[in-house]
Amino acid sequence: MLLGAVFEREVTVAPRARGLFVARAVYCGALLAIIATCWLVVTGTQSVSTAGDTARFGATLLRILGPLQLALAILAAALAAAVAVSTEKDRRTLELLLVSRLTDRELVLGKLAGSLVRVVLLLLAAVPMFAITSLFGGVTMPQLVRLFVVTLAAALTAASIATTVAFWKDTTFQTLSITLFLLATWTALGETLAATRGPDAGAAVSPARAVFAALAPDGGRTLAPFLGICAAIVIGANAVAVACLRRWNVAREQRLPATAEREAAAFRPARRVWRNPILWRETCTRAYGRMLILVRLAWLALFAVAVAGILREAGAPRPDRLAVAIAIIPMALASLVAVAALAVTSITTERDRGALDLLLVSDLEPKEFVWGKLIGVLVVAREMVLLPLATCVVMAVTGITTAEHALYLAAGMAALVFFVAVLGFHVGLSYTSSRQAIAVALGTVAFLFIGVATAMRIMVAFDTSFELQLAPFLAVIVGGAVGLYAALSARNPSAAIAWASALLPALTFVAITGFLQGNSLQVLLVVLVAYGFATTALLVPAIGAFDLLTGRKSAGD
């Protein structure tokens, strides 16, 4: 077979997995809930009496669902491709694949195609949900076809980038963070071209703009250039991965002779270990790979792009706040996802390499392990933590926002960063499967923040009194609460996590309403209360039930 045995196994096993059936049901149910919520918002606050009203509703609904599906497809494809390769490296099974009869092409393309099986099946399951929008009018079949073609092309491109980076880098965190950087750069490049050379140039590069262009009546004009650029990236990335596969993944013991390594170790001075050895290892050793400097340089580049966008608008008579948001939001979201990825992989990597079992039989106390890991994650990811906060200072200095609002932004961002770090750590302890733990942690972050963006989009698209939209959103809030509780209480159900899961979606809705009404202080207070309580609800069980989560003791002990 062209793609090899790796793809054959994946295409045989993946469609039978119970998790995929659950994922398809949840995804289609979420899309249906969004459609019902939008309809209730419109009929409850406006008069829908003509065919033109329903046609406008169908067109607006598609412009809400299309970008949502695109963001989820890109993140899911990149995550699946990155984890599929990184897990093999962490478990030391990639070397077994390299000595098998698989060719380099079969291994690279097989991993790529295998990681896309679940994403493609999810998109196929969503086709009937998107077809519902055509029943309202205002949506044609060519628009739907172009929408799914753009989504598939963007997902394939993201997966190709992630696969190449995963074969290149040594650790899961490096793979995920560099992949996020490249995806954010892809979007930023499209926005730059749109600002300098026009919307068509941006739609030929940026997947977000390509989706909106595909939904336009003349959307075919920019479809071919976008597909051409995606094809070039896919071919180039996979060609590089196939050509460099064995050079990247030669065993490090073969690069340095054993005698030379022992001689170097003999002349290496001994280092003093701190009272908390976990914190010392996280911050003073190369626990996350030798090339972490590339991740830091990537975030400095994102910061430079964000500052350039801020300075460009600072010189205008009336700064465009949307342009400023487009400049800084990709870096902020990428930082949150990267911090969550670092936190969860700090646990899953230890487990895959067998080091976690050694730590559990030592005399480490739970608080030493938990705080050592959390503080170590924040120190290692200091550029991802501090640079988004620095953009708040830049906006205040340049006059884009006031010092008061910049302080609100910085405080809210700091609270969210610590929350996602604790979330990743909690999920890493709760799930024994590395792939499942990473998917749940990053999926929860994506649900919270992409869900927030979708809710804001619905409120703005059907502009009415925001207080009247609470009732239509109740089903989404309840569904989100149930999903959060199911994800966060896998091995350690607690009343605190149940309350946090119930309150977080509801309070997030209150924060969105306050933001759209211009109540910045209200938004900050709600964010601090909601995410502060959720952080405490996850952190306390991580310490108090540490022995249960890690398997030191069974539930009956």
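Assuming residue 506 fulfils every condition listed in (1) modelled with pLDDT of 80 or more; (2) closer than 25 Å to residue 27 by Cα; (3) crowded, with 20+ Cβ neighbours inside 10 Å apart from one, which condition is it?
(3)
Would you mind stating whether residue 127 is modelled with pLDDT of 90 or more, assigned to a helix (DSSP H, G or I) and within 30 Å of residue 59 (Cα to Cα)?
On the way: modelled with pLDDT of 90 or more: yes; assigned to a helix (DSSP H, G or I): yes; within 30 Å of residue 59 (Cα to Cα): yes.
The answer is yes for residue 127.
In region 17-64, how many residues are among the hydrophobic types (A, V, I, L, M, F, W, C) and within 15 Å of residue 479 (Cα to Cα)? Quick ask: steps written out before the conclusion?
To start, the set of residues in region 17-64 that are among the hydrophobic types (A, V, I, L, M, F, W, C) comprises 17, 20-23, 25-26, 28, 30-36, 38-42, 48, 51, 55, 57, 59, 61-62, 64.
With the extra rule that they be within 15 Å of residue 479 (Cα to Cα), the set shrinks to 22-23, 25-26, 28, 30-36.
So the answer is 12.
Given the residues 311, 294, which is the only one that is under 30 Å from residue 346 (Cβ atoms) and not in a loop (DSSP other than H, G, I, E, B)?
Details: 311 fails: under 30 Å from residue 346 (Cβ atoms).
Answer to the check: 294.
When the residues of region 115-165 are narrowed to those that are of a type in the set (Phe, Trp, Tyr) and more than 11 Å from residue 73 (Cβ to Cβ), which ends up farthest from the chain's Cα centre (by Cα)? So that I can check it myself, show each step before the final result.
Our first condition is that a residue be of a type in the set (Phe, Trp, Tyr); within region 115-165, this holds for 130, 136, 148.
Those still in the list that are more than 11 Å from residue 73 (Cβ to Cβ) too: 130, 136.
Values: 130: 23, 136: 32 Å.
In this case the residue turns out to be 136.
Look through region 1-37, keep the residues that are β-branched (Val, Ile, Thr) and more than 14 Å from residue 114 (Cα to Cα), and return whichever of them is nearest to the chain's Cα centre (by Cα). Can you show your working first?
Narrowing region 1-37 to residues β-branched (Val, Ile, Thr): 6, 11-13, 22, 26, 34-35, 37.
Now drop any that are not more than 14 Å from residue 114 (Cα to Cα), which leaves 22, 26, 34-35, 37.
On the way: 22: 20, 26: 18, 34: 21, 35: 24, 37: 25 Å.
Selected residue: 26.
So is residue 260 among the aliphatic types (A, V, I, L, M), at pLDDT below 90 and out of contact with any Ser or Thr (no Cβ under 9 Å at 6 or more places or on another chain) or not?
Working: among the aliphatic types (A, V, I, L, M): yes; at pLDDT below 90: yes; out of contact with any Ser or Thr (no Cβ under 9 Å at 6 or more places or on another chain): yes.
Against the criterion (among the aliphatic types (A, V, I, L, M), at pLDDT below 90 and out of contact with any Ser or Thr (no Cβ under 9 Å at 6 or more places or on another chain)), residue 260 qualifies.
Select from region 517-540 the residues that are part of a helix (DSSP H, G or I) and small (Gly, Ala, Ser) and write down the one among them that is farthest from residue 419 (Cα to Cα). Walk me through it before giving the result.
Keep residues of region 517-540 that are part of a helix (DSSP H, G or I), which gives 520-540.
Now restrict to residues that are small (Gly, Ala, Ser): 520, 530, 532, 534, 537.
Numbers: 520: 20, 530: 10, 532: 7, 534: 8, 537: 10 Å.
If we take residues in region 517-540 being part of a helix (DSSP H, G or I) and small (Gly, Ala, Ser), then 520 is farthest from residue 419 (Cα to Cα).
Return the residues of region 1-35 that are at pLDDT below 80 and more than 22 Å from residue 433 (Cβ to Cβ); say none if nothing qualifies.
Answer for region 1-35, where residues must be at pLDDT below 80 and more than 22 Å from residue 433 (Cβ to Cβ): 1, 2, 3, 4.
Does residue 103 meet the test of being open to solvent by 30 Å² or more (accessible area, probe 1.4 Å) and either farther than 26 Å from residue 17 by Cβ or of a type in the set (A, V, I, L, M, F, W, C) (or both)? Break it down stepwise before answering.
Details: open to solvent by 30 Å² or more (accessible area, probe 1.4 Å): yes; either farther than 26 Å from residue 17 by Cβ or of a type in the set (A, V, I, L, M, F, W, C) (or both): yes.
Yes, satisfied.
I'd like the full set of residues that are part of a helix (DSSP H, G or I) and surrounded by fewer than 19 Cβ atoms within 10 Å (Cβ to Cβ), limited to region 43-57. Talk me through it step by step, then tell me what you get.
Our first condition is that a residue be part of a helix (DSSP H, G or I); within region 43-57, this holds for 43-45, 51-57.
43, 44, 45, 51, 52, 53, 54, 55, 56, listed by residue number.
Tell me, which residue of region 424-438 that is modelled with pLDDT of 85 or more and more than 17 Å from residue 540 (Cα to Cα) is surrounded by the fewest Cβ atoms within 10 Å (Cβ to Cβ)?
437
Within region 22-39, can one find any residue that is out of contact with any Cys (no Cβ under 8 Å at 6 or more places or on another chain), loosely packed, with under 14 Cβ neighbours inside 10 Å and outside any helix (DSSP H, G or I)?
The answer is no; no qualifying residue exists.
When only residues in region 343-391 that are surrounded by 19 or more Cβ atoms within 10 Å (Cβ to Cβ) and small (Gly, Ala, Ser) count, which is nearest to residue 538 (Cα to Cα)?
343
Name the residue, out of 441, 396, that is modelled with pLDDT of 85 or more, open to solvent by 20 Å² or more (accessible area, probe 1.4 Å) and over 17 Å from residue 526 (Cα atoms).
Working: 441 fails: open to solvent by 20 Å² or more (accessible area, probe 1.4 Å).
Only one candidate qualifies: 396.
What tally of residues in region 133-143 results from selecting those that are within 29 Å of residue 15 (Cα to Cα) and surrounded by 17 or more Cβ atoms within 10 Å (Cβ to Cβ)? Step through it out loud before you land on a result.
Our first condition is that a residue be within 29 Å of residue 15 (Cα to Cα); within region 133-143, this holds for 133-134, 141-143.
Still in the list and also surrounded by 17 or more Cβ atoms within 10 Å (Cβ to Cβ): 133, 143.
Residues in region 133-143 being within 29 Å of residue 15 (Cα to Cα) and surrounded by 17 or more Cβ atoms within 10 Å (Cβ to Cβ): 2 in total.
What are the pairs with Cβ atoms under 9 angstrom where one residue, in region 273-286, is polar (S, T, N, Q) and the other, located anywhere, is part of a helix (DSSP H, G or I) and open to solvent by 50 Å² or more (accessible area, probe 1.4 Å)? Sequence gap at least six, or different chains.
So the pair list comes out as 276/368; 276/371; 276/375; 283/375; 283/379.
So which of 160, 134, 115, 100 ends up being without any contact (Cβ under 8 Å) to a residue 40 or more places away in the chain and either closer than 18 Å to residue 212 by Cβ or polar (S, T, N, Q) (or both)?
Details: 160 fails: without any contact (Cβ under 8 Å) to a residue 40 or more places away in the chain; 134 fails: without any contact (Cβ under 8 Å) to a residue 40 or more places away in the chain; 115 fails: without any contact (Cβ under 8 Å) to a residue 40 or more places away in the chain.
Result: 100 is the single residue among 160, 134, 115, 100 that is without any contact (Cβ under 8 Å) to a residue 40 or more places away in the chain and either closer than 18 Å to residue 212 by Cβ or polar (S, T, N, Q) (or both).
Name the residue that is nearest to residue 385 (Cα to Cα), counting only residues in region 399-423 that are open to solvent by 20 Å² or more (accessible area, probe 1.4 Å) and either aromatic (Phe, Trp, Tyr) or in contact with a strand residue (DSSP E or B) (Cβ under 6 Å, 6 or more places away or on another chain) (or both).
Per the stated criteria, the residue is 418.
The values are calculated or read from the model by the stated rules, or taken from the named source; none is laboratory data. In this text the structure is predicted, and so the values were computed from the model without any measurement. All Cβ positions, even for glycine, are placed from backbone atoms using ideal geometry, and neighbour counts span all protein chains on display. These accessible areas exclude ligands, DNA and RNA; they are computed on the full protein's heavy atoms, side chains included. Shrake-Rupley method; radii C 1.70, N 1.55, O 1.52, S 1.80 Å.
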